[in-house]
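Inspection log for the structure reproduced underneath, given as structure tokens.
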Amino acid sequence: MSSKLKDKFNRQGFLIVRNVLDFNFDLKPVLNDIEFIMNRLVYKFVSKKKSDIIFKYDFWKKYTFLSKLNIKNFDQYFNIRPPKENLKKDSDFFATQSVWNLIRNKNILDTIEKLIGSEINSNPVQNSRIKQPEKFLKKKTLYDGLSGRTPWHQDAGVLSEKGQKHTDLITCWVPFTKTTKKNGCMITVPGLQKKGLFNHDADPKGQAYIRNSELLNKLKIVALEANPGDIVLLSKHTVHCSLPNTSNNFRISMDLRYHKSGQPSGRDLLPNFCVRSKNKKNITVNNYKEWLTLWEKAKVKCLPKKYTFKYKVPTFEDNKRDLKNHLSAFWN
């Protein structure tokens, strides 16, 4: 079974693995923590008179209300890593016991082990995303990867040069809501990952996107639709993006990432640590408090630089790694 799963992953560049997680035990605690953060923001940014009303709103209505208040770096309060740039001493990030439990989830690690072996590190290239219906978004956030659409890219494209070359990165994408084409699921081109890393460019917000990515719209696309409890696994070279959320519903997800122990993480300033090993001595981070301490120490170390990570968008010296030169076998 393990070799069949790995063969399929290597062939396609992705896997949708069903019923890995339990909604009430694994996912609902994270949603509860998100709502706790929302309540903190209500206390902080809403008058006492109005807050009594807002606290009675349901999850979605409360989040929508807060998103319209022009709270600076609003999405960052719900992201599971400190901000990339403009880092400050009081910069917030979403590191809770429930997130720690998810990173160390046995069923997730059992699946990852089938792909990269038993020596597994948690990789710090992580995000959580709360995507509202696009009709609620402002123009400036329409193409923001956390709240809006994500452009065509490969995850290797946001690693350091060392990570691009030497890290066997696996993305474990966890949906907390039913994810469909209508509410903005990911899409991919199966098999294209075998061509390796393509040239990327950076958009005005610094997001990496594949050069000539408009050509991908002419290829056979697979929608990575998933339910809460499923996980979607991607290789570091899997070409993917997200569709616009044209529904009336939110789409919540989390990107957890893992790599083989002993390899560079691709984000040298941020903590990566062993989460599974045949040798128990390799497990040096054993609980939530130790994990949180790692991130707080990394944040302090990054403060003088005012950023937590930088990467060089992969652009090779010639155009041999341009997407347009590698599509002959993929036209419909």
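With 0.36 nm allotted per residue and the present C-alpha distance subtracted, the residue 331-residue 71 stretch has 89.1 nm of extension available.
Stokes-Einstein diffusion coefficient for segment 238-304 at 4 °C in a medium of 1.567 mPa s, Rh from the Kirkwood formula over Cα pairs: what value in µm²/s? Once the numbers are plugged in, D ends up at 85 µm²/s.
Note on residue 86 and residue 248: the model spin-label points, each 7 Å out from Cα along the C-beta direction, lie 3.5 nm apart.
Averaging Cα coordinates gives a centre for segment 1-24 and one for segment 213-277; these two points are 13 Å apart.
Gain on full extension, evaluated as 0.36 nm per residue between residue 55 and residue 35 minus their Cα-Cα distance, stands at 6.2 nm. Ignoring lysines fewer than eight residues from residue 8 along the same chain, the ones with Cα atoms less than 25 angstrom from its Cα are 106, 114, 165, 178, 181, 194, 195, 218, 220, 236, 260. Each part reduced to its alpha carbon centroid, segment 32-83 and segment 158-203 end up 30 Å apart.
Here the dipole of segment 194-262 is about 320 debye; that uses its Cα centre as origin and unit charges on the Cβ of Lys and Arg (positive) and Asp and Glu (negative).
Under 14 Å from a point placed 7 Å out from the Cα of residue 307 along the Cα-to-Cβ direction: which residues of segment 178-221 have their backbone N that close? Backbone N within reach: 202-203, 205-208.
A short reminder: the numbers here are calculations on the coordinates, not readings from a lab. All values derive from a computational prediction rather than experimental measurement. A quick note on method: Cβ atoms are made from the backbone with ideal geometry, for glycine too, and the neighbour counts reach across all protein chains shown.
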